[in-house]
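Here the structure comes first, spelled out in structure tokens, and everything after it is commentary.
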Amino acid sequence: MKMPQLLILLLTILVHATAGFPTDRRALPGRDKHASWDDVNVVAHGLLQLGQGLKEHVDKTKAQMRDVNAKLKAFNGTVAELERKQQEQDEALKAKSKEVEERERLAAELAEEVKKQSKDIHSRMDRLEEKVDEVLTEPTLDNNNNNSDHAGVPFIQRLVAAQNKRIDLLVEKIKQQQDKLEKQSLHLQALQSKVSHKRVKSHRRRDEETALRGEAEQSRNTSGLARDCHDLFVQGQRASGVYTIQPESSQPFNVLCEMTSEGGWTVIQKRLDGSQNFNQLWESYKKGFGSLNGEFWLGLENIHSVSKQGQYVLQVELSDWVGQQQPAAHYRFQLEGEEKKFTLHLQEEESSSGVQEKIILTGASGLPFSTADRDNDLAAEVNCAELLSGGWWFSSCGESNLNGRFSRRPSLLRRQQPRRQGMFWTSTKGQNTSVRTTLLKIAPATINQ
């Protein structure tokens with residue numbers, strides 16, 4: 001559209017330029033003649049610029065036309081490709097349509113065959129039901145000729161009733177056997193308790209004899225290391241801190257010793273701020289974990305290596321979230337080895353303070369140690385260590401657990417979890433109390449003598 005407009009504009013300029021020239025050159029003076037040639041030069045210069053602009057416009061238009069032609073070719077190629085793909089899809093749809101029609105035909109044939117078989121099966125079932133009805137309605141004779149008692153009772157019903165009676169008898173016998181097993185289990189528990197008490201008494205007597213013979217003065221190992229913290233106290237150590245000891249038939253290891261006026265105590269567990277996670281598995285409780293300068297568990301193997309050297313006492317010191325310190329509890333203490341699942345034997349000692357409400361450390365004496373991956377508690381339906389967190393000597397899941405989670409909001413936890421996973425202890429009155437700090441330490445029984 002722009003090309004015709006430019007041509008018209010060019011013609012208009014030429015017409016106006018021609019009209020401005022004089023028709024009779026002879027009548028014009030020389031000065032006007034020179035002026036007319038200047039006008040011609042101006043017009044020629046304008047026409048030259050217009051021609052150049054026109055040429056540039058033509059070149060640009062050609063380039064645009066080439067671009068448009070290239071895009072049209074690409075578009076035509078895309079349309080051809082789409083048509084080809086559409087054709088392929090149409091052919092594929094036709095093939096699928098034929099396949100679906102073939103499947104529908106086969107399905108119809110199968111349905112017809114199923115109908116025939118179903119009719120055949122129903123006819124057979126009808127014949128079988130008729131035969132069963134005939135059998136059920138036929139009276140049978142007993143071996144004792146008591147036809148009057150069972151004349152109206154079908155044979156299969158009497159057979160089922162006899163089987164039910166046998167099952168009832170078997171269930172009754174199983175219940176009787178279970179009652180006998182429960183009684184035997186209770187009897188075995190009573191015998192185990194008696195054996196543990198006798199064992200504790202024998203250890204106490206042996207320790208007293210050892211003390212009388214003065215063998216406590218000869219408690220050093222050949223390596224020169226003390227057997228426990230009280231041995232260090234006997235050697236003259238009076239400062240509490242971390243020391244290296246070596247119990248009999250054991251490798252050396254570090255312990256936290258608490259030196260008092262009575263003697264040296266070997267600390268086996270300490271909790272004060274929740275910096276150490278006590279929700280550990282069997283191997284961790286066996287080897288020990290934590291820092292002796294903070295919170296730690298000494299390790300069941302280390303505790304056993306110390307306690308097997310003689311009769312030891314365990315002292316338990318607890319404080320609650322109010323800041324109240326509970327009266328210390330004392331127990332005669334013995335810990336078995338791993339082959340006996342680190343079974344704990346406790347015998348509570350009488351307190352000189354005369355406190356009525358005492359700490360129940362475990363539900364009973366002679367309990368094995370339990371963790372989430374070693375369920376050794378006495379609860380049959382649950383794993384107390386998994387339910388309450390940590391590892392402990394559980395009888396059932398309602399007793400104390402000083403290795404539970406460190407609760408920073410015990411009041412809220414008590415409302416949300418009746419059997420909470422935090423640290424708690426049970427009193428002789430049956431009341432559960434949350435614990436903030438714990439300290440468990442052992443020493444030879446002669447420390448109080």
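Each Lys or Arg adds one and each Asp or Glu takes one away; over the other residues whose Cβ falls under 15 Å from the Cβ of ARG238, this sums to -3. When you count the other C-beta atoms within 10 angstrom of each residue and take the mean per peptide, 172-183, 235-246, 252-263 line up highest first as 252-263, 235-246, 172-183.
Among 336-344, 388-396, 84-92, sorting by the average number of other beta carbon atoms lying within 10 angstrom of each residue, highest first, gives 388-396, 336-344, 84-92.
Would you please give the FRET efficiency between ALA92 and LEU387, computed as 1/(1 + (r/R0)^6) with r the Cβ-Cβ distance and R0 = 60 Å, to the nearest 0.05?
The value I calculate is 0.45.
Read the figures in this text as sums done on the coordinates, not as results from a lab. On a predicted model such as this, the values are computed, not experimentally measured, just so you know. Note that each Cβ is placed from the backbone with ideal geometry, even for glycine, and that neighbours are counted across all protein chains shown.
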